[in-house]
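The values are calculated or read from the model by the stated rules, or taken from the named source; none is laboratory data. What you are looking at is a predicted structure, and each value in this text was computed from that prediction instead of being measured. Cβ atoms come from the backbone with ideal geometry, glycine included; neighbour counts cover every protein chain shown. The accessibility values were calculated without ligands, DNA or RNA, using every heavy atom of the protein model including side chains. Shrake-Rupley method; radii C 1.70, N 1.55, O 1.52, S 1.80 Å.
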Amino acid sequence: MERLDHIRDEIQRLVKQAASLEALEQARVALLGRKGRITELMKGLGALAPEARRELGAALNRLKGEAEEAIAHAARRLEDEALRARLREERVDVTLPVRAESEGRVHPLSQTIDEIVAIFGEMGFSVAEGPDIEDDFHNFTALNIPPEHPARQEQDTFYLPEHRDGRKVLRTHTSPVQIRTMQKVKPPIRIIVPGRTFRSDHDATHSPMFHQVEGLVIDKTTHMGHLKGCLVEFCRAFFDIDDLPVRFRPSYFPFTEPSAEVDIGCSREGGGLRIGAGGSWLEILGSGMVHPKVLANCGIDPSEYQGFAFGMGIERVAMLKYGIPDLRAIYDNDLRWLRHYGFLPLDLPSMVGGLAR
Amino acid sequence: MKTTLAWLKTHLETGASLDEIVAALVMSGLDVDAVENRAKDLAPFIVARVVSAEPHPNADKLRVCLVDTGKERVQVVCGAPNARAGMLGVFAPPGATIPESGMVLKQSTIRGVPSNGMLCSPAELGLSADHAGIIELDGDLPVGRPFAAVLGLDDPVLDIKVTPNRGDCLGVRGIARDLAAAGLGRLKPLDATPVAGRFPCSFAVHLAGPDDKACPLFVGRVVRNLRNRPSPRWLQDRLTAIGLRPISALVDITNFVTFDLDRPLHVFDADRISGDLVVRGARPGESLMALNGRSYELDAEMTVIADDREVLSLGGVIGGDSTGCTEATRNVYIEAALFDPVRTAATGRRLQIQSDARYRFERGLDPEFVRPGIEIATRLVLELCGGEPSAVAVSGAVPDWRRRYAFRPERTHTLGGLAVPAAESRRILEALGCAVSEDGARLAVEPPSWRGDIEGEADLVEEVLRIHGYDRIQAQPLARETALPKPALTPLQRRRGFVRRTLAARGLVEAVTFSFMPKKLAELFGAAPKSLAIVNPISADLDQMRPSILPNLLMAAQRNADRGFGDGALFELGPQYRDDTPDGQDLVAAGIRLGRTGAKRWDDPGRPVDAFLAKADALAALAAAGAAAESLQVSAEAPEWYHPGRAGALRLGPKLLGYFGEIHPGVLREMDVDGPAAGFEIFVDQVPLPKSRRGRAPLKLSPFQPVERDFAFTVDAGLPAETLLRAARGVDKKLIAEVRLFDVYEGAGLGEGKKSLAITVVLQPEDATLTDAALEAFSQKLVAAVEKATGGTLRG
């Protein structure tokens, strides 16, 4: 038994002295290896009397357990030390800038179109499209704008060369898609048409290419009250102003009767323009009940069907909503401008997510 | 269309204020662009007397004036040469805003002498360009009163935007008529009593085409022995206020009647007319020296008024110089006629003549007001110029303008959304001049002669609503056809959004560029067909519909480079044009990267952009559109604007889905773009839509570990890697999960014209773990297949 105490001391000494995992392994072999001190003693147990064997056996087992535990403990200590040493080596300067990741932007016009679609989508509209290069019939005649109509002269139209089928034009508005849709689809119809439009005008407030969104509702009962309801809801949702004043003013378009221009409230106090209640008005779109002649031109019986149409400049509402001061900059594609006024790629507008930005 | 408030009130008896009138105009459809209220702007400026004007002690050109403002005497330092004691001028006290500059006047000290206000020049008050001296007022004017009121400059000017349908409101009286109908007052009666002729009209008029509609009615009369002189002050002031220049009484009268009553007239110097007058189409070779000093070549489609010798005037457009009235004119022939709106517009447009007459004729004039117009004009001529009138000679007749429409009173509700009582609708229509009678439950409505624009029931509904008030229409929500909205976008449209936002997420910035471009650029990028050339471009830079988006993006990127932002990555999702048919337009996602991948950094020196960046963008766009990279075929063929050796096409079966690659350096040089540039063009809508949108195929997860094996082959240097990869993938499509190219090597030990391609093949067994024998069999099969397809050999 005294020998065991002696071994116990030796265990402590060997384990403590081990300065590396290799040294510790040598200590383990010396104690617990095939020829280790404890192993040797255990081999000798068979020669003892049963009583003594049981007693010594139990003591040796305890000792073996202690040795294993001491070694494991020491091993953990040595591993920890080694890890600490490695980590000290692995230190980096965390103030260094990170790897360059360039994130792009979505153009404010695209974002605005997505917002407009999100709102009208909630009201049951779907998105329709048509070609940018139009014929005279769809761009003018079917819309009740005969060749010599003064309204036709006021639209500065881009023309393509004359050929067999007449002269093609760059569409001056998105309204021809009304015609194409009504020719193709039986009412009820409820569409919006965002798209490129063209007029030969180029100055601080006009661009030869710009974007419009057209709206068209045709059924048997829709009247001007619905037109008003639809557009008031749109304006308030788009500008995210619940009490935005919206005013309908009589006007004239060849393709609607009655016709209305729509103004939203604003304030010009202090030189800046602010959308909202404020005593001034800002015209943002034209609208009206589809002219019976336009319906008839598309093969829809005006004594049975009626509805409304509207058209709005997308640049204008985008500029108002996002405080973009200069129309021309929209097409300049200056990267600084695009990063400033553009939108994050994953910022997809939706009504549930809200449209305020 | 401009008018002043006082002018409007010559036709409208009203107690309404300016603001009320403006509000009523706006809400009845006559939008007011601007109200120039000089009374308000000029209110602080008062009549004042210069009591004394002494030389300034410290400045030669300045004077120190003592000014009597009616309330007090103040000292003012003045630089005007005409400032002198005793004169009446216009004084601005401190605090007044100077109209010219918008500056607020302050007390100041000028070269040591205090100055408490200013004596104003006409230019400073925005009255004229005259800066030479201060205003000198004539006569005995009350000192201390606002000078604008004293001089009658305080009449507000309204600029009204008359819509093209409302030709009847291109005269002040028409506007007054609308206001009266809107309840703002009473339309004053108009005296158009005929002026008795003292002798027969000396000119016969023949109406001779170009067709029956060209000039259905022509009315004329002579006034002889008159004197043409400057108009009286009231008439000059009216015309000046709306921006017209007074010329002489005869000219001013025609302008006044045009703007007051919407009745254009023409006055010929009768002594310069030779023989009878004829209204006809112009003859080949005829021309007219017009009153604006320009000569015009005429054609048979243009309606002219001619005498025995020559063309005197272009009907409804402009008068001729030869018969123009001067100070010396003694005898005149006054003409009032109806000219065909369409022909007048066409003539004006072809000759590019904008005139007040043309503007009115092309919008349609009141056919019943030709005769009253000439009577009123005659009275004015007699009043201002004296003379003796002839009888009126009438050629042709008033065309039949009467139309009758059925009006269902409930349509104000079912179409207009506002239930207006039938009696009120009737009242409004009658106030607007319609003749209304009852016809059962309907009203029979005959619009007045001046409202040629009213063409049916919908127009009548608008008339009632605009006068009754659009404000009263209750907004109603649009009824939904389904409880939840259906998708607004088609799968095709929705997919474009994925492509847009995928490219933006990859670091490209979305641009929007014009659909047109310079023809030269279009030629560099495919084609500039004549059918897509713009006939009337805004500038030579924008004269061709774009066959590709790339040049616009390259130009935009180069503009950014010129500003110091050279390493740009831009994309656009928009149309490009093949031909002018409705199907000749393709939706394309195009992008470019210019310069380097980025500025040099501590962990990345960056590198020039290359074909593989563009390929990655293109594949990402296609993946977003639903075409997975592994199903695409890549081939080294791209259009001529790409680098011939560093560009390719992407196909899905026979369908061409796009191109990618480095932009041809020669093209960049032509465009003055600093390279390098790499770009792509993806025909987004060409990607086939998935056949079914319902759910996905069931997922089978294999319980067995995948196995990887590497192979390297020596092949001809010119062999496309795609050939090898395809051959490897084709060996066992079920077993092979992936084939990765992990090394491309050319050089020593391979032999001339050879390269090594090394691949990792990932095998995914599904039924059992692969045995060594099975693996060996597979390897042999793969090597054989690849060697056969590529002509290469396995590297030992």
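Tell me which lysines have Cα within less than 21 Å of B:Lys2's Cα, excluding those fewer than 8 residues away on the same chain?
Candidates past the 8-residue exclusion: B:Lys40, B:Lys161, B:Lys188.
Order these peptides, B:328-335, B:175-182, by their mean beta-carbon neighbour count within 10 angstrom, highest first.
Numbers: B:328-335: 21.2, B:175-182: 22.9.
Listed from highest to lowest mean packing, they are B:175-182, B:328-335.
Shape call for the range B:597-659 from the C-alpha gyration tensor, a ≥ b ≥ c root eigenvalues: rounded (a/c under 1.5), prolate (a/b greater than b/c) or oblate? Display every interim value, and only then the final one.
Values: a/c = 3.37, a/b = 1.65, b/c = 2.04.
Oblate is the answer for the range B:597-659, as a/c is 1.5 or above yet b/c matches or exceeds a/b.
Which lysines does B:Lys734 reach when only Cα atoms under 20 Å apart count, and residues fewer than 8 places away in its own chain are ignored?
Answer for B:Lys734, where 20 Å is the Cα cut-off: B:Lys700, B:Lys781, listed by chain and number.
Could you give the C-alpha radius of gyration of the range A:2-89 expressed as a fraction of 2.2 N^0.38 Å, taking N as the number of residues it contains? Please list the in-between numbers first.
Details: Rg = 15.5 Å, N = 88, 2.2 N^0.38 = 12.1 Å.
Its radius of gyration relative to the 2.2 N^0.38 Å reference: 1.29.
Counting protein heavy atoms only and a 1.4 angstrom probe, how many square angstrom of accessible surface do chains A and B bury in total, to the nearest 100?
Details: alone 20370 and 40050 Å², together 52960 Å².
Counting protein atoms only, the buried area is about 7500 Å².
Counting only heavy atoms of the protein chains, get the accessible area per residue of chain B (1.4 Å probe) and round it to a whole Å² value.
Details: 36250 Å² over 796 residues.
On a per-residue basis, chain B sits at 46 Å².
Spelling out what I want: for every residue of the range A:72-78, take phi, set θ = phi - 60°, compute 6.51 cos²θ - 1.76 cosθ + 1.60 (Karplus), and round to whole Hz; glycine and proline get x.
Those phi angles translate into 4, 4, 5, 4, 4, 5, 5 Hz.
What percent antiparallel are the DSSP beta bridges of chain B, to the nearest 5?
On the way: 128 of 134 bridges.
Of those bridges, close to 95 percent are antiparallel.
Only loop residues by DSSP count here, and only those with at most 15 other Cβ atoms within 10 Å; note down the trypsin sites (Lys or Arg not before Pro) in the range B:699-787 that meet that.
Numbers: sites: B:Lys700, B:Arg709, B:Arg726, B:Arg729, B:Lys733, B:Lys734, B:Arg740, B:Lys754, B:Lys755, B:Lys781; in loops: B:Lys700, B:Lys733, B:Lys734.
Answer in residue order: B:Lys700, B:Lys733, B:Lys734.
What average number of partner chain Cβ atoms lie no more than 10 Å from the Cβ of the residues making up A:328-334?
Mean number of neighbouring Cβ atoms from other chains: 5.
From the phi of every residue in the range B:628-639, what ³J(HN,Hα) in whole Hz does the Karplus formula 6.51 cos²θ - 1.76 cosθ + 1.60 yield, where θ is phi - 60° and glycine or proline is x?
6, 4, 6, 8, 8, 9, 10, 9, 8, 9, 8, x
Loop-only check: which GluC sites (Glu not before Pro) in the range A:85-175 are DSSP coil with at most 10 other Cβ within 10 angstrom?
Values: sites: A:Glu89, A:Glu90, A:Glu101, A:Glu103, A:Glu115, A:Glu122, A:Glu129, A:Glu134, A:Glu148, A:Glu154, A:Glu162; in loops: A:Glu90, A:Glu101, A:Glu103, A:Glu129, A:Glu148.
Answer in residue order: A:Glu90, A:Glu101.
Taking the alpha-carbon distance from B:Lys755 and a cut-off under 18 Å, which lysines remain once sequence neighbours fewer than 8 residues away in the same chain are dropped?
Output for B:Lys755: B:Lys788.
Within the range B:382-426, which trypsin sites (Lys or Arg not before Pro) sit in a loop by DSSP and count at most 16 neighbouring Cβ atoms inside 10 Å? Each step should come with its number before you reach the end.
On the way: sites: B:Arg402, B:Arg403, B:Arg404, B:Arg411, B:Arg426; in loops: B:Arg402, B:Arg403, B:Arg404.
Listed in order of number, the matching sites are B:Arg402, B:Arg403, B:Arg404.
Mind checking A:113-124 for the average number of partner chain beta-carbons within 10 Å of each residue's beta-carbon? Could the numbers behind the result be given before it?
Details: counts 1, 4, 0, 1, 4, 1, 1, 3, 5, 4, 6, 9.
The mean count of partner-chain Cβ atoms within 10 Å per residue comes to 3.
Can you compute 3J(HN,Hα) from phi for each residue in the range B:39-55, using the Karplus curve 6.51 cos²θ - 1.76 cosθ + 1.60 with θ = phi - 60°, rounded to whole Hz and x for Gly and Pro?
After applying 6.51 cos²θ - 1.76 cosθ + 1.60, I find 4, 6, 5, 9, 3, x, 8, 10, 6, 9, 10, 7, 7, 8, 9, 9, x Hz.
For the protein assembly as shown, with the dipole built from +1 on Lys and Arg beta-carbon atoms and -1 on Asp and Glu ones, taken about the Cα centre, which of B:Ala85, A:Pro349, A:Ala23 lies farthest toward the positive end?
Result: A:Ala23.
Using a 1.4 Å probe on the protein heavy atoms, what percent of the accessible area of chain A belongs to carbon and sulfur?
On the way: 8560 of 16710 Å².
Answer for chain A is 51 percent, counting heavy atoms of protein chains only.
Report the number of Lys pairs in the range A:108-341 whose alpha-carbons are under 26 Å apart, with separation of 8 or more residues or on distinct chains.
Eligible lysine pairs with Cα atoms under 26 Å apart amount to 11.
Quick check: the distance between the Cα centres of the range B:94-138 and the range B:171-230, to the nearest angstrom?
Distance between centres, Cα-based: 46 Å.
Can you give me the angle between helix A:224-239 and the longest principal axis of chain A, using Cα atoms only, in degrees from 0 to 90, rounded to the nearest 10?
40 degrees
Using just the helices of chain A, give the 222 nm mean residue ellipticity in deg cm²/dmol: DSSP H runs with n ≥ 4 each add -39,500 (n - 2.57), and the total is spread over all residues, rounded to 500.
Numbers: 12 runs with 146 residues, N = 357.
Helix-only estimate at 222 nm: -12500 deg cm²/dmol.
Residues of the range A:195-210 with accessible area at least 30 Å² lower in the all-protein-chain context than alone (1.4 Å probe)?
Relative to the lone chain, where solvent access is computed with a 1.4 Å probe, the range A:195-210 loses at least 30 Å² at A:Arg196, A:His202, A:Pro208, A:Met209.
Accessible area per residue of the range A:2-89 at 1.4 Å probe, in Å²? Mind dumping the intermediate values first?
On the way: 6230 Å² over 88 residues.
Per residue, the range A:2-89 has an accessible area of 71 Å².
Sorted from largest down, give the three principal axis spans of the alpha carbons of the range B:385-535, whole angstrom values.
78, 60, 30
Taking the inverse of the average 1/r across all pairs of different Cα atoms in the protein assembly as shown, what Kirkwood radius in Å do you get? Provide the component values of the computation, followed by the final result.
Values: mean 1/r = 0.0265 Å⁻¹.
Computed over the protein assembly as shown, the radius equals 37.7 Å.
Specify which residue in the list A:Ala58, A:Gln12, A:Gly33 is farthest towards the positive end of the charge dipole of the range A:1-77, using unit charges on the beta carbon of Lys, Arg (+1) and Asp, Glu (-1), about the Cα centre.
Value computed over the given set: A:Gly33.
Place a +1 charge on the Cβ of each Lys and Arg in chain B and a -1 charge on the Cβ of each Asp and Glu, then give the dipole magnitude about the Cα centre in debye, rounded to the nearest 20. Can you show the working numbers first?
Working: 95 positive and 103 negative charges, 298 e Å.
For this selection, approximately 1420 debye.
How many percent of all Cα-Cα pairs in chain B sit more than 43 Å apart?
Numbers: 190564 of 316410 pairs.
For chain B, the share of Cα pairs beyond 43 Å comes to 60 percent.
Count, for each residue of B:291-304, the Cβ atoms from other chains sitting within 10 Å of its Cβ, then give me the mean as a whole number.
Values: counts 0, 0, 0, 0, 0, 0, 0, 0, 0, 0, 0, 0, 0, 0.
Across the residues of B:291-304, the mean count of other-chain Cβ atoms within 10 Å is 0.
So if I average 1/r over every pair of distinct C-alpha atoms in chain A and take the inverse, what Kirkwood radius in Å does that give? Intermediate results must be reported in sequence, preceding the final value.
On the way: mean 1/r = 0.0370 Å⁻¹.
Taking the inverse mean of 1/r over all distinct Cα pairs, chain A comes out at 27.0 Å.
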